[in-house]
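Engineer: Okay, handing you the structure first.
The values are calculated or read from the model by the stated rules, or taken from the named source; none is laboratory data. Predicted model, so just to flag it, every value in this text is computed and none were measured. As a convention, Cβ positions derive from the backbone with ideal geometry for all residues, glycine included, and neighbour counts pool all protein chains shown. Protein only, heavy atoms only, side chains kept; ligands, DNA and RNA dropped before computing areas. Shrake-Rupley method; radii C 1.70, N 1.55, O 1.52, S 1.80 Å.
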Amino acid sequence: SLSTSGLIELNETVTWSAVHFGVGQQLTTIITEMDSPMYFVDEMVKEAFKSIRHEHHFSFEEGKTTMIDQFYFESPFGILGKLVKLIILKKYMTNFLLERNKAIKLAAEKQAVIA
């Protein structure tokens, strides 16, 4: 098992494992845009979706950091995929991002306390 730490930079890729709907997947994204520390974009390279673009916008005020996610995705399988997106995937992906962001927030705050 390979473990990497540190920050990812423009044009670098990351592959990670996730379980979606009970199916294990290897997900690969690339950082396609970056204006550190204010903004970066990761986009799908290899995944089950037709496309994914995930924008991360940061602002800093009074010692606090705010991150706003903009997440765009297209499901595969044409009209059937669009129907599944409307009925299931939009809510599922929103909840997934909220949970992931809670974990990132906890890790960042723990790091800040240690530093």
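Engineer: Restricting attention to segment 75-110, and to residues there that are open to solvent by less than 50 Å² (accessible area, probe 1.4 Å) and among the small types (G, A, S), which single residue is nearest to K46 (Cα to Cα)?
Structural biologist: Filtering segment 75-110 for residues that are open to solvent by less than 50 Å² (accessible area, probe 1.4 Å) and among the small types (G, A, S), the one nearest to K46 (Cα to Cα) comes out as S75.
Engineer: Can you tell me which residue is farthest from the chain's Cα centre (by Cα) among those in segment 75-93 that are of a type in the set (G, A, S) and either in a helix (DSSP H, G or I) or within 20 Å of D35 (Cα to Cα) (or both)?
Structural biologist: Residue satisfying both the conditions and the ranking: G78.
Engineer: Hey, does segment 83-105 have a residue that's farther than 23 Å from V14 by Cβ, of a type in the set (K, R) and touching a residue at least 12 places away in the same chain (Cβ under 8 Å)?
Structural biologist: Checked segment 83-105: at least one residue is farther than 23 Å from V14 by Cβ, of a type in the set (K, R) and touching a residue at least 12 places away in the same chain (Cβ under 8 Å).
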